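A quick write-up on the structure given underneath.
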Amino acid sequence: MGLKTPLHDKHLEAGARVVDFGGWDMPVNYGSQKEEHHAVRRHAGVFDVSHMTIVDLEGDRCQDFLRYLLANDVARVTEPGKAMYTCMLNEQGGVIDDLIVYFFEPTSYRLVVNAATREKDLAWIVKHAEAFDVDVRERAELAMLAVQGPKARDLAAPLVDSQYREQALALKPFTSLEAGSLFVARTGYTGEDGWEIVLPAADAPAAWDRLLAAGVQPCGLGARDTLRLEAAMNLYGNDMDDEVSPLDAGLGWTVAWEPADRDFIGREPLEARRERGGPRFVGLVLEDKGVLRSHQRIVVEGLGDGEITSGGFSPTIERSIALARVPAGDYEHAKVDIRGALKDVRIVKTPFVRNGQIRIDV
């Protein structure tokens with residue numbers, strides 16, 4: 001038996017198929033994974049993401065600490081409630097985790113990190129926080145819902161107290177608001193608009209019921225994965241890990257190289273990797289029959305081999321798509337080894353789908 005979120009009983013009531021995910025009992029689907037996927041693209045779906053780890057940081061040197069801990073530069077975020085996506089690196093420049101950091105004030109920040117990496121993340125953060133006298137507090141008493149889709153914010157708005165509702169609906173992407181007992185952020189992991197709502201665990205079941213009564217589709221990990229793949233959003237453990245740098249995972253844009261004198265963990269090996277170059281991180285579309293899967297070998301004639309990091313069937317495009325690391329070079333076609341047969345793949349610019357629109361030629 002794994003850890004359970006405050007919504008575990010609600011998932012069972014809704015007929016969810018529950019699986020182990022990072023030590024948590026989580027719903028993979030409630031019936032048709034494809035229907036859940038389309039609900040988010042076309043209307044609204046809700047995901048229980050209470051397994052994610054919420055960490056609040058406080059201290060006079062909190063900003064200095066995060067500028068050292070993270071590859072992106074939190075000093076660039078000056079508007080209260082503003083969010084930033086970044087990676088937390090080890091001394092070798094590998095990715096310990098990718099996360100979102102929310103700025104409240106220079107002495108107060110919130111991090112949301114992955115469930116499967118909770119223990120090592122907390123240990124790493126606490127270890128380095130000591131030198132900056134920063135208080136690290138895990139908020140295990142909170143739950144988190146991700147309401148995603150073109151109708152998501154409108155349908156979720158009644159959860160927000162009326163005195164904060166207008167502000168919540170006016171939030172710009174990657175900003176957040178403390179709305180009474182709720183923390184509302186216009187962020188997500190699907191390529192669609194929506195909110196991620198943090199609330200007291202005791203209040204989560206009632207909020208879940210209200211969303212379902214409003215016509216929001218309950219969605220599991222299966223749809224979450226196909227949606228994030230279409231949006232070309234990386235999955236920790238697949239597209240990057242402790243031995244993969246953000247530059248090799250298409251996340252170079254999350255590294256703040258300036259100012260040049262900012263010392264962050266992993267900077268020196270990351271700069272060396274930038275100087276010597278490395279593989280491309282690309283999107284693939286399968287031109288033949290079959291399904292693209294993680295770890296399949298990519299063959300680029302004359303240049304060598306690469307590897308699929310995330311792959312699967314896209315319900316929106318109705319084609320098999322993937323993210324992959326491939327040899328450096330200027331080319332648009334390659335082969336993928338599917339059970340010993342070489343199949344044609346086309347290299348495309350990602351994302352594949354964003355805000356319900358297919359962004360590639362099919």
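Using the Cα gyration tensor of segment 116-249, with a ≥ b ≥ c the square roots of its eigenvalues, what is the shape: rounded (a/c below 1.5), prolate (a/b larger than b/c) or oblate (neither)?
The shape class here is oblate.
List the relative contact order of segment 121-261 as a percent without decimals, with contacts defined as Cα pairs under 8 Å and 6+ residues apart.
With pairs under 8 Å counted, the relative contact order is 20 percent.
Report, in cubic angstrom per residue, the convex hull volume of the C-alpha atoms of segment 212-254.
102 Å³
Given contacts defined as C-alpha pairs under 8 Å and at least six residues apart, what's the relative contact order of the chain, whole-number percent?
Once normalised by length, the contact order is 18 percent.
Over all alpha-carbon pairs of segment 1-155, lay out the pair-distance distribution in 5 Å bins, whole %, shortest bin first.
Distribution as computed: 2, 8, 15, 18, 17, 14, 12, 8, 4, 1 percent.
With 10 angstrom as the radius, rank Cys62, Cys219 by how many other C-beta atoms surround their C-beta, starting from the fewest.
Cys62, Cys219
Please arrange Ser310, Ser245, Ser162, Ser294 by how many other C-beta atoms lie within 10 Å of their C-beta, fewest to most.
So the residues, fewest neighbours to most, are Ser162, Ser294, Ser310, Ser245.
Could you work out the Kirkwood radius for the chain, taking every pair of different alpha carbons, averaging 1/r and inverting it, reported in Å?
So the Kirkwood estimate lands at 21.3 Å.
What trypsin sites (Lys or Arg not before Pro) does segment 1-89 have in DSSP loop regions with at most 16 other beta carbons within 10 Å?
Those satisfying the criteria are Lys4, Arg61.
Multiply the residue gap between Asn355 and Leu12 by 0.36 nm, knock off their C-alpha separation, and tell me the result in nm, one decimal place.
Answer, rounded to one decimal: 120.4 nm.
Size of the dipole of segment 1-141 about the Cα centre, Lys and Arg at +1 and Asp and Glu at -1 on the beta carbon, nothing else charged, in debye to 20?
The calculated dipole for segment 1-141 is roughly 540 debye.
With the dipole of segment 279-362 worked out from charges on the C-beta (+1 for Lys and Arg, -1 for Asp and Glu) around the Cα centre, which of Gly304, His333, Val362 lies farthest toward the positive end?
Farthest towards the positive pole: Val362.
Given a cut-off of under 8 Å on Cα pairs at least six residues apart, what relative contact order in percent is computed for segment 26-160?
Here the relative contact order equals 36 percent.
Fewest Cβ neighbours within 10 Å first, please rank Val198, Val160 accordingly.
Ordered by Cβ neighbours within 10 Å, fewest first: Val160, Val198.
Counting other C-beta atoms within 10 Å, and keeping those with at most 16, which DSSP coil trypsin sites (Lys or Arg not before Pro) do you find in segment 278-362?
When the trypsin sites (Lys or Arg not before Pro) of segment 278-362 are filtered for loop state and at most 16 Cβ neighbours within 10 Å, Lys289, Arg293, Arg339, Lys349 remain.
Bear in mind these aren't lab numbers, they're just calculated from the coordinates by the rules spelled out. Given the structure is predicted, the values throughout are model-derived calculations rather than measurements. Ideal geometry is used to build each Cβ from the backbone, glycine not excepted, and the neighbour counts take in all protein chains shown.
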